[in-house]
Structures are given as C-alpha cells and as structure tokens.
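Chemist: Sharing a structure with you now.
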Amino acid sequence: VQLQASGGGLVQAGGSLRLSCAASGRATGSAVMGWFRQVPGKEREFVATIGWSGGASFYSDSVKGRFTISRDNAKNTVYLQMNNLKAEDTAVYYCAARQYGVPTPIPNRYDYWGQGTQVTVSS
C-alpha cells in the first residue's frame, strides 16, 4: 500500500485547510485510516482516525470540534478538514493505514505511512 498525502501549506490562524491522502496498491477499502502529526523534537501525535465504513471516527482532544476526518472508498482517499487553525497545529501531517483491526490512536498499530505534508499556521 502506498499513501500520498497532499494539501498542506501556509495559512493564517483561524483559516482552513483540507488534507487528502490517496491510497494505492492493495485494497484499502477495509483499512482503518488515521492522521498523525509531528513537530521536530517531539513524538508523533495522534490527530484522528476513521473506520473502514466511515461510520466511526475519533479525534484527539486538541482538534475535536475543529477537524473532521472522512473517507471516500470509491476513490481510495481519506480527508482531514481542518478549520479554525491555530499556531499550535503547525506540524508535518502524516496519513496512515491499518490493514486489520479497529480505529486506534496508537501509531505503531498502523501498517503503512505516507510521506507527510507540512502545515504551517501563522499567528
């Protein structure tokens, strides 16, 4: 499975961005998908995860109410809509796929990772 994240960029505080993660390779329609982020010197942080059907989604407390994860299995793509961005949201954002199992915030439970896309929020 190859994951390609895109949609990052520079935005002012209070603005919005939508990240996309396109999957290719083995069938990913049944995979749990997740978004994580990382800043230099810190561990990778859970952001959001979604079950294979899109019916179950979970968020970190820091983004709950501002970010929305969704997926389009017909396009093998997962999205992260980020609204009301804050300076502390600045990070490299990674998408990940977990081939089997349930949604989880634990990074090492995911089997495949994308290359990351930079999100910078100016205050």
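Chemist: Once you have the Cα-Cα distance between Gln2 and Asp61, take 0.36 nm times their residue separation minus that, and quote the gain in nm to one decimal.
Modeler: 18.4 nm
Chemist: Right, something else. If each residue of separation counts as 0.36 nm, what is the full-extension length gain between Asp72 and Glu88 once their alpha-carbon separation is subtracted?
Modeler: That works out to 2.9 nm of additional length.
Chemist: Please sort 46-56, 105-115 by packing, taking for each peptide the average over its residues of neighbouring beta carbons within 10 angstrom, highest first.
Modeler: Sorting 46-56, 105-115 by mean packing, highest first, produces 46-56, 105-115.
Chemist: Scan segment 18-123 for GluC sites (Glu not before Pro) in coil per DSSP, keeping those whose Cβ has at most 15 other Cβ atoms within 10 Å, and list them by number.
Modeler: Listed in order of number, the matching sites are Glu43.
Chemist: In whole angstrom, note down how far apart the Cα centers of segment 81-106 and segment 27-76 are.
Modeler: One Cα centre to the other: 5 Å.
Chemist: Tell me, what % of the accessible area of the chain is carbon and sulfur with a 1.4 angstrom probe?
Modeler: Exposed carbon and sulfur together represent 50 percent of the surface.
Chemist: Suppose each label sits 7 Å from its Cα in the direction of the beta carbon; what would the Ser122-Ser16 distance come out to in nanometres?
Modeler: The modelled label-to-label distance comes out at 2.1 nm.
Chemist: Continuing with this model, one more query. What FRET efficiency would be calculated for the residue pair Val39, Thr104, taking the C-beta separation as r and a Förster radius of 22 Å, to the nearest 0.05?
Modeler: With R0 = 22 Å, the Cβ-Cβ based efficiency is 0.55.
Chemist: Which whole-number percentage describes the relative contact order of the chain, with Cα contacts under 8 Å and a sequence gap of 6 or more?
Modeler: 37
Chemist: Solvent-accessible area per residue for the chain at a 1.4 Å probe radius, Å²?
Modeler: Result: 50 Å² per residue.
Chemist: In whole percent, what relative contact order does segment 68-123 give with Cα contacts below 8 Å and a gap of six or more residues?
Modeler: It rounds to 37 percent for segment 68-123.
The values are calculated or read from the model by the stated rules, or taken from the named source; none is laboratory data. Please read these numbers as outputs of a predicted model, since none were measured by experiment. Note: ideal-geometry Cβ built from the backbone for every residue, glycine included; neighbour counts use all protein chains shown. For accessibility, only protein heavy atoms count, side chains too; no ligands or nucleic acids. Shrake-Rupley method; radii C 1.70, N 1.55, O 1.52, S 1.80 Å.
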